[in-house]
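S.K.: Attaching a single structure in structure tokens format; questions to follow.
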Amino acid sequence: MSMERPQVLVVGAGGYGRVYVDALLREDLGADLAGVCDLAPDLEERIPALRERKIPVYRDLTDFYAREGADLAVLASPVHFHRDMTLYCLAHGSHVLCEKPLCLTLAEAEEMAAAAEAANRFLALGYQLDYRRDVLALKRDILAGRYGAPRRLGVCHSFRRGERYYARNDWAGKVTVRGREVLDSPFANACAHNFQMMTFLLGDGLRTACDVTGLEAELYRGNPRVENFDIAALRFATDCGAELMYFTAHPILPDALGPRGVFEFEEGTVTFAGEAHAFRARMKDGRQVDYGSIDPGQPLQKLLDAIQAVREGGAPVCGAEADRGHIRAVRLAQDCPVVAVREELRVSYEEGGQRYLRVEGLEKLLEDCLDAWALPAQLGRRLD
Ligand SMILES: NC(=O)c1ccc[n+]([C@@H]2O[C@H](COP(=O)([O-])OP(=O)(O)OC[C@H]3O[C@@H](n4cnc5c(N)ncnc54)[C@H](O)[C@@H]3O)[C@@H](O)[C@H]2O)c1
């Protein structure tokens, strides 16, 4: 293993992990791909560059560590494997960059953080928004007191998901898989980023997030084939006194809705719309602050920062502490009742060779909820 050029293992290379593999093979990020690990038997057919570049491919982590080593393990495996794999990689001397969410209980998060500390390795998380330089600039301004106390922050963000998404594995949309909790939903997984970012922005230090203390929720199942909920309207109380509202769903018609956010503070309001985020603030005294000119960094800044931390010491900005608020929020949401969307609102349709389900009027409802800081029931527009 060389600290000059850290050796990187990517686990779950056949799913989202492919993004890491492609980046490491496409350009020189100052690190080498030491191997990949994935259960998929056809990985080398799907990624021919692995064979061409003689990258070792393993099905199992134990086989990888029996023959190879890695300075950094990137875990893009399904959520319910994150704990066991993190502990295993740390025990074998690797720093870990684990995809989000870190895990599903606060006890596991603490166990994983403690294991990293004991191993003298970092445990970083894959929430890419936390690595953006504009997000960090806004966070520094919040921490410096420029905006005063946070009052209420809200984001509306949804991704459309069709039958291929749910059929690609055994855990999409599930509460448990093979007896293990997975709690998959747009809130816990696909659209977790912007909610986690809100908690991260309100942390009392650069690496911490605020915690949630209570929840008022409306959770719906739009797609009857989904076991968990696929529509969430959420209002959280937090330990920093601010209210957090989040609106997210999968049965929508455009590919994406938002993200759009409104962050109200004592001294000003920050807004953004779109994946580019481009935060703009209007202060109470009329001044405007524009974060749009700050270079956010690279799309895989999380990997670059992790590689740099392996080489130079320290730890990337997003670690286990940054997921505490989101993990507790996922648990609170999971305890709330889920109700089916009434049948006349459910529209099944086909597009691009796959079936989708959309809930009539859902896109406008979620936008209206954000504008009114209200849950659907408060607008007289429940979906059941
Ligand atoms: N940061 C992001 O923007 C982003 C985007 C998508 C997914 N993710 C995260 O990446 C993780 C994986 O999500 P996904 O959508 O790619 O899941 P997926 O189920 O589509 O793919 C997971 C891959 O891991 C492999 N795998 C499953 N179990 C394994 C095991 N025990 N050992 C080795 N390989 C195994 C599968 O064969 C598959 O190739 C999740 O934590 C998810 O939240 C993050």
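S.K.: Looking at region 80-105 only, could you name the residues that are within 11 Å of the ligand (Cβ to nearest atom) and of a type in the set (D, E, K, R)?
M.R.: Answer for region 80-105, where residues must be within 11 Å of the ligand (Cβ to nearest atom) and of a type in the set (D, E, K, R): ASP84, GLU99, LYS100.
S.K.: So is THR271 outside the structural domain of GLY15 (by TED's automatic domain parsing) and within 20 Å of the chain's Cα centre (by Cα) or not?
M.R.: Numbers: outside the structural domain of GLY15 (by TED's automatic domain parsing): yes; within 20 Å of the chain's Cα centre (by Cα): no.
It is false that THR271 is outside the structural domain of GLY15 (by TED's automatic domain parsing) and within 20 Å of the chain's Cα centre (by Cα).
S.K.: Follow-up. For the condition in contact (Cβ under 8 Å) with a residue 40 or more places away in the chain and surrounded by fewer than 20 Cβ atoms within 10 Å (Cβ to Cβ), what is the one hit in ASP384, ASP335?
M.R.: Working: ASP335 fails: in contact (Cβ under 8 Å) with a residue 40 or more places away in the chain.
Selected residue: ASP384, the only one of ASP384, ASP335 that is in contact (Cβ under 8 Å) with a residue 40 or more places away in the chain and surrounded by fewer than 20 Cβ atoms within 10 Å (Cβ to Cβ).
S.K.: Please report, ordered by residue number, the strands (runs of 3 or more DSSP E) entirely within region 306-378 with at least 3 residues that are not aliphatic (A, V, I, L, M).
M.R.: Once the strands (runs of 3 or more DSSP E) in region 306-378 are filtered for at least 3 residues that are not aliphatic (A, V, I, L, M), what remains is 346-351, 354-359.
S.K.: Which one is surrounded by the most Cβ atoms within 10 Å (Cβ to Cβ) among residues in region 176-196 that are assigned to a loop (DSSP other than H, G, I, E, B) and touching a residue at least 60 places away in the same chain (Cβ under 8 Å)?
M.R.: The extreme case among them is SER185.
S.K.: Just checking, how many residues over region 296-318 are of a type in the set (Gly, Ala, Ser) and buried (at least 21 other Cβ atoms within 10 Å of the Cβ)?
M.R.: The first filter runs over region 296-318 and keeps only residues of a type in the set (Gly, Ala, Ser), leaving 297, 306, 309, 313-315.
Applying the additional criterion that residues be buried (at least 21 other Cβ atoms within 10 Å of the Cβ) yields 306.
Qualifying residue count for the region: 1.
S.K.: Can you say whether GLU243 is out of contact with any strand residue (DSSP E or B) (no Cβ under 6 Å at 6 or more places or on another chain) and of a type outside the set (A, V, I, L, M, F, W, C), as far as the supplied structure shows?
M.R.: For GLU243, the condition - out of contact with any strand residue (DSSP E or B) (no Cβ under 6 Å at 6 or more places or on another chain) and of a type outside the set (A, V, I, L, M, F, W, C) - is not met.
S.K.: Which residues, counting only those in region 51-79, are farther than 27 Å from GLU312 by Cα, within 9 Å of the ligand (Cβ to nearest atom) and surrounded by 15 or more Cβ atoms within 10 Å (Cβ to Cβ)?
M.R.: TYR58, PRO78, VAL79
The values are calculated or read from the model by the stated rules, or taken from the named source; none is laboratory data. This is a predicted model, so every value here is computed, not measured. Every residue, glycine as well, gets a Cβ built from its backbone with ideal geometry; the counts of neighbours run over all protein chains shown.
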